[in-house]
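Engineer: Structure incoming, see below.
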Amino acid sequence: MAAGSERAMVRADRARIATIIGNLIDNAIKYSPEGGEIRCAVGAEDGKCFVTVTDHGLGIAADHVPLLFKRFSRLPTAENKSISGTGLALYLCQEIARRHGGEIDVSSKLREGSQFTLRLPADGQAA
């Protein structure tokens, strides 16, 4: 099978995982230009299930990426200073993912967009 084409299930709190996915999609919308394309991909590979949300929005400077998952961390720039937020959502999402034995990864380029991936252990692999 090609990478990402395995079938797998996760054992998780449905509401909490929906919160993570909803937040990743909401952020992609919030930090993208109106009408900007947002893509979601779902799959499994290497014993993990994943959901990836990709946008072509503001993007994040490389030196700011490590701050994304810190509590109350906001990355105000000239482009996003008018966008509201508390700096808690990604921190809480990462904590929920970790409590499920998973993680959230990010790759981003300033002014080109971002890709956030939630990875969770496939059923039977949970921590």
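Engineer: With a point put 7 Å past each Cα toward its Cβ, work out how far TYR91 is from LYS30 in nm, to one decimal.
Structural biologist: Distance between label points: 1.4 nm.
Engineer: I'd like the Karplus ³J(HN,Hα) series for the range 96-101: coefficients 6.51, -1.76, 1.60, θ = phi - 60°, whole numbers in Hz, and an x wherever there's a Gly or Pro.
Structural biologist: My calculation for the range 96-101 gives 4, 4, 5, 5, 9, x Hz in order.
Engineer: Sort 104-113, 31-40 for me by packing, meaning the mean count of neighbouring Cβ atoms within 10 Å per residue, highest on top.
Structural biologist: 104-113, 31-40
Engineer: Report the extension gain between ALA41 and LEU67 in nm, rounded to one decimal, defined as 0.36 nm multiplied by the number of residues separating them, less their alpha carbon distance.
Structural biologist: 6.9 nm
The numbers here are math on the coordinates, done by the rules we state, and not lab data. In this text the structure is predicted, and so the values were computed from the model without any measurement. For neighbour counting, all protein chains shown are included, and Cβ atoms are generated from backbone atoms with ideal geometry for every residue, glycine included.
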